[in-house]
Amino acid sequence: MTPQDQVVDIDALETEFQERIDAEKKIEPKDWMPEAYRRTLIRQISQHAHSEVVGQLPEGNWITRAPSLRRKAILLAKVQDEAGHGLYLYSAAETLGSSREQMVDDLHAGKAKYSSIFNYPTLSWADIPAIGWLVDGAAIVNQVALCRTSYGPYSRAMIRVCKEESFHARQGFEGMLALARGNEAQKKMCQDAINRYWWPALMMFGPSDADSPNSAQSMKWKIKRFSNDELRQKFVDQTVPQIEYLGMEVPDADCKWNEERGHYDIGEMPWEEFFAVIKGHGPCNHERLQARQKAHDEGNWVREAALAYQKKQADKKQSVA
Amino acid sequence: MSELTQQDALFTYTLRLADNALILGHRLSEWCGHGPFLEEDIGVINTALDLLGRCRMLYSYAGEVEGKGRDEDDLAYHRDEREFTNYLLMEQPKGDFAYTTIRQFYADVWNLHFYTELCNSKDETLAAIAKKVVKECRYHFRHNAEWVKRLGDGTEESIQRMNDAIAEASRFVNEMFEMDDVDQMMVDAGIGVDLNEVKAKWIASVDEVFAEATLQRPEPEYDRSGGRLGLHTEQLGFLLAEMQYVQRCHPGLQW
Amino acid sequence: MVDQYLPLWEVFVRSKRGMDHKHCGSVHAADAEQALQYARDVYTRRSEGNSIWVVEAKHIVASQPDDQEAFFEPADDKVYRHATFYDVPADVKHM
């Protein structure tokens, strides 16, 4: 084959690929796909996986301090789900030829990103139900949209995650309601958590569409199905009435219902902070990565021993046979 | 001191089982997000959730037996160190993964044999709880026995760490088989379990797994004891301070 | 220190009796027993199954997308393998 034939070939493959996507057919692991599609997916899925795994840390802080045994059990199960979701996602990324090893190394080396929201500290018990309700609430809006993503294993992982996460936001709201109906100290805690987590939750949807360089291509490939701003608006519209139901305030003086648009308007987002956190300068970036790195390093001798034992057992079997 | 009634004994007996489950579960839950790899992180939390569920059933029943209107949270969050009755082994810091594995394995073997016997209790509630719990125990035993073998017959480092962990845990082992008035009264009433029998089975099971793991079980130089009298190591106070602080700062509220 | 990673295993879960085992994802584990336990811990937390298979990923033999035509298209013209191919008068019952 001459180089020219090859070029023609790839064009044909790309056309066929795009046709398959346009026809809403899923792409499966061994199918031909453009390298950029593969890279985009590995980046996005592994970021998503890292977010789940790092996301264990802020909530995990409060497992040993949960104020009732019931809340403790719910929290423990929820944080475990995050680990599980991280695992489903790593599994999906591995079908693209990336290894868990590489992805975890990239995270620890600071080469891979994860959701900025997990770089905020959990400072009172109220932060725990607030995260369940706002952060998982925002994540679910995103993830429901991703259930129809074009890559089969990612879509299947998302369907599984969404099924399991439905309890996360609900338990969070229930926890907030208990605080909102409690005494002054609890109400204060509740409002304070909303104040600190409102904007970071809105920023989970990423930069506004005008500043989101990868979005157009991802939409064309149907990796993304809705734009950042569309999803953010959906979340605002569903959450503002819930804040009002709690009898709490939205920490945004400009947030009001816009009759004409049929949506809530919001004030200017604190983008400067958003980009600082992404750059690694958020309140807990350093601590989160350090904790992950430490767990991984301290687990090394455990993994090494498990492999050595497996090898000894296999050798034994062989010598008997 | 007034004479021990059967109701008192049943309350104390149930409370002790609950305290052991709560404190061990607490230590295990400290691994959440920090396990040696993601899969084990998830596995460890499953066990912690089992222990938490177990302590809730037992506290609720203890409160019922006591008849003073205390619920699971009153018993877990509003008692001091001196009122906690768990074994000292359960409250020790989680240590490295070898220590966690050995402590958990010791507890798993104890729980497996204890709750298997407790299924025959004449107290219907305890027997029903035991029947549920014993299924979890079988899985925990299986999971951790495998870890004992892997780490005990793994690398030079893992073998060293396991031997250190075994040495570190050994002085707390015999406390788990002490029989006092409460135990005796419960055994006599056909409600409780004879810990001498549990001990014989415990030794047999541990030695069997240790043999495969090429590990030795040393006789302790001396025994520590006192958990059931509320005479704890210094570790428990810190654990409770952390666990109870929200409840203690804001008592009497709904969460 | 050499970083150690565990091999990949594929997990298949049967949701209830009478159903097939269905692929649901993967886990990393050092050996078969561990893979089975992690599959249980990860994929059946909500009573999703009553039977699990695990197989080390490297042992799976898969057809390739390039095999598509050679493998599967020859079956497309054998319409006579399907019941709908045959006309049976409507008044003939139990067919």
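Only the coordinates and a few stated rules stand behind these numbers; no lab work does. On a predicted model such as this, the values are computed, not experimentally measured, just so you know. Virtual Cβ from ideal backbone geometry, glycine too; neighbours counted across all protein chains shown.
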Open item on the list: Output the 0 to 90 degree angle, nearest 10, between the alpha-carbon long axis of helix B:38-66 and the longest principal axis computed from the alpha carbons of chain B.
Closed with: 20
Task: Amide H contacts under 5 Å for C:SER51, placed H, 5+ residues apart - done: C:ARG14
Task: Interchain or long-range residues, amide H under 5 Å from A:TYR151's placed H - done: A:ILE27
Open item on the list: Counting other beta carbons within 10 Å of each residue's own, what order do A:MET103, B:MET162 fall into, fewest first?
Closed with: A:MET103, B:MET162
TODO: Give the Rg/Rh ratio for the protein assembly as shown, taking Rg as the radius of gyration of the Cα atoms and Rh as the Kirkwood radius, to two decimals.
DONE: 1.01
Open item on the list: Report, in listed order, any pair from A:LYS78/A:LYS294; B:LYS94/B:LYS149; A:LYS26/A:LYS279; A:LYS294/B:LYS199 with a Cα-Cα distance greater than 31 Å.
Closed with: A:LYS26/A:LYS279; A:LYS294/B:LYS199
TODO: Mind checking region A:17-49 for chymotrypsin sites (Phe, Trp or Tyr not before Pro) that DSSP puts in a loop (not H, G, I, E or B) and that have at most 16 other Cβ atoms within 10 Å?
DONE: A:TRP32
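Among all helices in chain A defined by DSSP H, which have a length of 30 Å or more along the axis from Cα atoms plus a Kyte-Doolittle mean of at least -1.0?
Membrane-span-like by this rule: A:69-94, A:152-180.
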Task: Average beta-carbon neighbours from other chains, 10 Å sphere, peptide B:246-254 - done: 5
Task: Calculated diffusion of chain B, Stokes-Einstein form, Kirkwood radius summed over Cα pairs, 4 °C and 1.567 mPa s, µm²/s - done: 69
Task: Cα gyration tensor of region B:44-189 - equivalent ellipsoid semi-axes, whole Å, descending - done: 30, 17, 15
Task: Integer Hz, Karplus 6.51/-1.76/1.60 couplings in order for region B:172-189, x for Gly and Pro - done: 9, 6, 5, 4, 6, 10, 5, 10, 10, 4, 4, 4, 5, 4, 5, 5, 4, 7
Task: In degrees, nearest ten, helix B:97-118 long axis to first principal axis of chain B (Cα) - done: 50
- [ ] Evaluate E = 1/(1 + (r/R0)^6) for B:ARG82 and B:GLU219, where r is the Cβ-Cβ distance and R0 equals 22 Å; express this FRET efficiency to the nearest 0.05.
- [x] 0.15
Open item on the list: Debye calculation, C-alpha points only, no solvent: report log10 I(q)/I(0) for chain A at q = 0.08 Å⁻¹, in the same order as the q values.
Closed with: -0.43
Task: Residue range of chain A that is longest and free of GluC sites (Glu not before Pro) which are both DSSP loop and sparsely packed (at most 13 other C-beta within 10 Å) - done: A:25-258
Open item on the list: Compute the angle between helix C:32-43 and the longest alpha-carbon principal axis of chain C, please, reported from 0 to 90 degrees and rounded to the nearest 10.
Closed with: 70
Task: Peptide ranges C:75-88, B:3-16 listed from the most packed, as the mean C-beta count within 10 angstrom indicates - done: B:3-16, C:75-88
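Treat region A:174-222 as a sphere of radius equal to its Kirkwood radius over Cα pairs and apply Stokes-Einstein at 20 °C in a medium of 1.002 mPa s; give the translational diffusion coefficient in µm²/s, rounded to a whole number.
Answer from the Stokes-Einstein relation: 159 µm²/s.
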TODO: Mind sorting B:CYS55, A:CYS162 by how few other Cβ atoms lie within 10 Å of their own Cβ, fewest first?
DONE: A:CYS162, B:CYS55
Task: Dimensions (Å) - chain C, Cα atoms, principal axes, largest first - done: 75, 36, 16
TODO: Filter the GluC sites (Glu not before Pro) in region B:186-255 to those in DSSP coil with at most 12 other Cβ atoms within 10 Å of their Cβ, and list the result.
DONE: B:GLU221, B:GLU234
Open item on the list: Please report the spacing between the Cα centers of region A:17-95 and region B:19-84 in Å, no decimals.
Closed with: 29
Task: From phi via Karplus (6.51, -1.76, 1.60), per-residue ³J(HN,Hα) for region B:240-252 in Hz, x at Gly/Pro - done: 5, 4, 6, 5, 9, 4, 5, 4, 6, 5, 10, x, x
Task: region A:171-321, Rg to Rh (Cα coordinates; Rh as Kirkwood inverse mean 1/r) - done: 1.20
Open item on the list: Please arrange A:ILE63, A:ILE117, A:ILE10 by how many other C-beta atoms lie within 10 Å of their C-beta, fewest to most.
Closed with: A:ILE10, A:ILE117, A:ILE63
Task: Cα centroid separation - region B:103-145 against region B:207-231, whole Å - done: 19
